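What follows draws every value from the coordinates through simple rules; no lab data is involved. Fair warning: this is a prediction, and the values are worked out from it, not measured in the lab. Cβ atoms come from the backbone with ideal geometry, glycine included; neighbour counts cover every protein chain shown.
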Amino acid sequence: MAVTVPLGKMLYLCVAALGVINLFLGYVSAGDGDSMNLYKVGVAIYTLAPTMFFLAGLVAVRGFLPRERAPGALPAMISSAIFVTLVLSAISSDGAGDLQTLFLVFGAVQFVIAWLAYLFDSGVIAARR
């Protein structure tokens, strides 16, 4: 017998996976000979951002735990808050290079998927059958 998982729940799993990816992406070095990563940069937003994306991923998994309800919009709101802060920080900076761009891309993907997960899970957008 095949087990079917609704699209909203599947997208919440994607948010959780992206949260883990973003957490470990913070450890990637800039690649220009030094061992600087997002946690060693010394800028608060870059130190906090991977952790906040990971927190959004942890909250997204909540619906899969026993006797827990669906995570709702909370993963999307956490992802939105940190992504908007990252974008505004990137706009005002002199350009932190490829690592900042890579982190913004993965953050944007998590941001979009988190909102899609909420919209599909809450029934605002109906999945095709």
Does anyone have the angle between helix 98-122 and the longest principal axis of the chain? Alpha-carbon axes, 0 to 90°, nearest 10? 20 degrees
Nitroxide proxy distance, nm - points 7 Å out along Cα→Cβ at VAL124 and ALA73: 0.6 nm
Contour minus end-to-end for ARG62 and LYS40, with contour as 0.36 nm per residue of separation and end-to-end as the Cα-Cα distance? 4.9 nm
To make sure I understand, if each residue's beta carbon is the centre and we count other beta carbons within 10 Å, what order do ARG62, ARG67 fall in, fewest to most? ARG67, ARG62
Put one equal scatterer on each alpha carbon of the chain, apply the Debye formula with no solvent term, and list log10 I(q)/I(0) at q = 0.15 1/Å to two decimals. -0.68
